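Some notes on the structure that comes next.
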Amino acid sequence: MSKIYHADPSYRTNAHMPDYYEALWRFKDDPETYWAKVAGELVWEKKWDRILDWNPPYAAWFPGGKLNITVNCLDRHVNDGKRNKVALIFRGDDGGEKVLTYRQLYREVNRFANGLKELGVKKGDRIVFYMPFIPEHVIAILACARLGAIHSIVYAGFGSEALHARIKDSKARFVITADVSIRRGRSISLKSIVDEAIVNASTVEKVIVHRRSYPPIELYSEMEMDFNDVMKGQSHYCEPEIMDAEDPLFILYTSGTTGTPKGVLHTCGGYLVGTYYTTKYVFDMKDNDVYWCTADPGWITGHSYIVYGPLSNGATIIISESVPDYPDPGIWWEIVEEFGVTIMYTAPTAIRMFMKYGEQWPDKYNLDSLRILGSVGEPLNPEAFEWFYRVIGKSRVPIVDTWWQTETGMHMITTLIGEPMKPGFAGKPLPGVEADVVDKQGNSLPPGKTGLLVIKGPWPAMMKGIWNNEERYRHYWSQIEGCYTVGDLAVRDKDGYIMILGRSDDIIIVAGHNLGTAEVESALISHETVAEAAVIGIPDPLKGNIIKASVILRTGFEGSETLSNELKYHVRMTIGPIAMPSEIKFVESLPKTRSGKIMRRVLKAEAMGLDPGDISTLED
Ligand code: 6R9
């Protein structure tokens, strides 16, 4: 039985959504009225005709509605008394800062949009981004959306082949990049990667380069243009393109932990409603919050919870180019103290890294400003939850462990800040989301039984397709009748809290028992010496599979045969003999995507001497 944590009752009393069950009841009673109320808080050029047309697997949300998402993220705040509120605070890798108010951000976006327009950018054009995380990145995203152009952001860490494949698949007309990104005090050339990536990509007409270094790099060809020159002399107002609710907003190629990347398509209306709604209620976003999401815009988390959700709520966002341990592992806590961050949203991979370095780093800083902590990307193991709660949140700050995906666009399962928290469990489906844990035939499973996580029915920010791949889109909805199959394993408890056990392709079947990777990894991490762990199943003639674990130890511990045996025994005692790893390997690092997810199939291929498949999304 795991522990249950309760936030101070004032959290609940003051929350935008104080009562989960009341909201759930309102949703169930009349879903359309429920969503109409949320959508009604936003600015529409023309109101929708209907809330939803649902012809599975195709949904049209707010058909007939017309809007521009940037009007909701900028114009309305500029006109509604938030003109001089800080919209964005940038903190560079070198400690440099830049602050933009809503008015300033609005003007920059409009100027850049006008510049793009002059270059011929129009509604529906695809624009690929390969940019560092600097304010210009956010400006360019919003400028695209202002014109109705479709952005497709690629992590500025992927290689030229991955970038090339995404440019080709989306048939991009424009690429926006920078000369360099700066990581750990070092400049990493982005422009040269773009140069390679656009060879044989004949659709690309222009490459826009934000030049940061001095002296500025030369721009050689006719195709290349300086970012600031695009803006130069442009007016501060650009008429927003009025979009249909179902017009495309962006394509984002998924992190690809399991296969070749797919271009997930999101559209304007429902996506805005879904990200606005979840930012408001899950993060309980208030006017004086200082919100910091540590993700990169190249991940869906950056799209939904750095840009569109927070800005549509008129929030103050922090963006930072810094990595968690440079110049030292105190940097993130220094940022929290310095800017008075109230809501911090990060990933288990970062939390486990901080656990490894030890409490002395966060302990140097005053973290009193924090009022909500969030996690996303992987299961937040109970051990990591407890550490985050105690060391960062001082046993006072509620944690929202948010389960969702590129495809879902918005948070789907989490624990609202006023609800009891159960470490290891993401929580319950948000009001508006119907999730279930089922067997392969789609039968609901009782509490305690492991099964497939599915979503029943449509939700506003759901993906609307896979770019150029109808079949792959249909596949999500065709495995189990009437359900969107998310590809994760899960188990529910008697209160309806859902624990995510890992990807279903990573499932390990030992002697007929289904084991989720997260279960075994959490057991390993609960040992005092372990910072991080990844487990895989290796075929075995006797047991079906045996478990092989790769383990990163906390600072100050060393791997040995004795420790290996101790860890095996620890897992045996925590879960049972079935889950005991046959082999434990002590490693310095694990293969991860740029968003911090462990790529177990790479470990598996390595262990079995097989080809790892597409590894274009692998970090470094
Ligand atoms: C937002 C994002 C989606 C996959 C998802 C699941 C894992 C995300 C999680 C989580 C457990 C959480 N995942 N959040 N697992 N608890 N709170 O990460 O999108 O990159 O598309 O990945 O990430 O496996 O299916 P994406």
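The values are calculated or read from the model by the stated rules, or taken from the named source; none is laboratory data. From a predicted model like this one, the values you see are computed outputs, not experimental measurements. Here the Cβ is made from the backbone with ideal geometry for all residues, glycine too, and neighbour counts use every protein chain on show. Protein only, heavy atoms only, side chains kept; ligands, DNA and RNA dropped before computing areas. Shrake-Rupley method; radii C 1.70, N 1.55, O 1.52, S 1.80 Å.
At 1.4 Å probe size, with every protein chain present, just tell me what the per residue accessible area of the chain comes to in Å².
38
Can you give me the relative contact order of the chain as a percent, contacts being Cα pairs under 8 Å and 6 or more apart?
13
Using only the heavy atoms of the protein chains and a 1.4 Å probe, how would GLU196, GLU619 rank by accessible area, largest first?
Highest to lowest solvent-accessible surface, that is GLU196, GLU619.
Place a label point 7 angstrom from the Cα of ASP493 along the Cα-to-Cβ direction, then list the residues of the range 370-411 whose backbone nitrogen is under 12 Å away.
It comes to 382, nothing else.
In nm, what is the difference between 0.36 nm times the number of residues separating ASN84 and ARG184 and their Cα-Cα distance?
That works out to 32.7 nm of additional length.
What percentages, rounded to whole numbers, describe P(r) for the chain computed over all alpha carbon pairs with 10 Å bin width beginning at zero?
All Cα pairs considered, the percentages come to 3, 17, 28, 28, 18, 6, 1, 0.
Using a simple charge model, +1 on the beta-carbon of Lys and Arg, -1 on the beta-carbon of Asp and Glu, nothing else, what dipole does the chain show about its Cα centre, in debye to the nearest 20?
Working: 68 positive and 80 negative charges, 148 e Å.
Once rounded to the nearest 20, the dipole reads 720 debye.
Can you give the FRET efficiency for VAL323 and LYS46, using 1/(1 + (r/R0)^6), R0 = 41 Å, r = Cβ-Cβ distance, to the nearest 0.05?
About 0.40, to the nearest 0.05.
Would you calculate the separation in nanometres between label points at LYS37 and GLU528, each defined as 7 Å from the Cα along the Cα-to-beta-carbon direction?
About 5.1 nm, to one decimal.
Just to check, using Stokes-Einstein with a Kirkwood Rh over alpha carbon pairs, what's the diffusion coefficient of the range 191-252 at 20 °C and 1.002 mPa s in µm²/s? Walk me through the numbers on the way to the answer.
Details: Rh = 14.7 Å.
Estimated via Stokes-Einstein, D reaches 146 µm²/s.
Could you sort 425-433, 450-458, 213-221 so that the peptide with the highest average Cβ count within 10 Å comes first and the rest follow in order?
Answer by packing, highest mean first, reads 425-433, 450-458, 213-221.
Relative contact order for the range 266-359: what is it in percent, counting Cα pairs under 8 Å that are at least 6 residues apart?
Relative contact order here is 32 percent.
Please compare each pair in LYS280/LYS364; LYS543/LYS604; LYS191/LYS464; LYS117/LYS168; LYS456/LYS543; LYS280/LYS592 to a cut-off of 27 Å on the Cα-Cα distance and tell me which ones are over it. Spell out each step's value before the answer.
Working: LYS280/LYS364 31 Å; LYS543/LYS604 17 Å; LYS191/LYS464 32 Å; LYS117/LYS168 23 Å; LYS456/LYS543 35 Å; LYS280/LYS592 31 Å.
Long pairs (Cα-Cα over 27 Å): LYS280/LYS364; LYS191/LYS464; LYS456/LYS543; LYS280/LYS592.
For the range 1-94, just the Cα atoms, rotate onto the principal axes and tell me the three extents in Å, largest first.
Largest to smallest, the principal-axis extents are 46, 44, 29 Å.
Among 307-318, 565-576, how do they line up from the highest to the lowest mean number of other beta-carbon atoms within 10 Å?
In descending order of packing, they fall as 307-318, 565-576.
DSSP loop (so not H, G, I, E, B), at most 14 other Cβ within 10 Å: list which GluC sites (Glu not before Pro) in the range 420-526 pass both filters.
Details: sites: GLU434, GLU470, GLU471, GLU481, GLU519, GLU521; in loops: GLU434, GLU481.
Those that pass, being in a loop and sparsely packed, are GLU481.
Run down the aspartates and glutamates and flag those whose C-alpha is under 17 Å from the C-alpha of LYS85, throwing out any fewer than 8 positions away in its chain.
Cross-link targets: ASP75, GLU97, GLU108, ASP287, ASP289.
At 0.36 nm per residue, and after removing the present C-alpha to C-alpha distance, how many nm does the segment from MET573 to SER589 gain when stretched out fully?
Residue separation times 0.36 nm, minus the Cα-Cα distance, leaves 3.1 nm.
Taking the Cβ-Cβ separation of ASN288 and LEU542 as r and a Förster radius of 60 Å, what is the calculated FRET efficiency to the nearest 0.05?
Calculated value: 0.45.
Go ahead and estimate [θ] at 222 nm for the chain from helices alone: -39,500 (n - 2.57) per DSSP H run with n ≥ 4, summed, over the residue count, rounded to 500.
Taking each H run of at least 4 residues, the total per residue is -7500 deg cm²/dmol.
Which of the peptides 171-181, 198-208, 112-122 is most tightly packed, and how do the rest follow, going by the mean number of other Cβ atoms within 10 Å of each residue?
Packing order, densest peptide first, comes out as 171-181, 112-122, 198-208.
Taking all protein chains as present, what is the carbon and sulfur share of the accessible area of the chain, in % to the nearest whole number, probe 1.4 Å?
Details: 11760 of 23650 Å².
The nonpolar share, carbon plus sulfur, comes to 50 percent.
For ASP296, ASP8, ASP80, give me the order by solvent-accessible area with a 1.4 Å probe, most accessible first, ignoring ligands, DNA and RNA.
In descending accessible area the options line up as ASP80, ASP8, ASP296.
Just report the Cα centroid separation between the range 386-455 and the range 510-573, whole Å.
With the range 386-455 and the range 510-573 each reduced to a Cα centre, they are spaced 24 Å.
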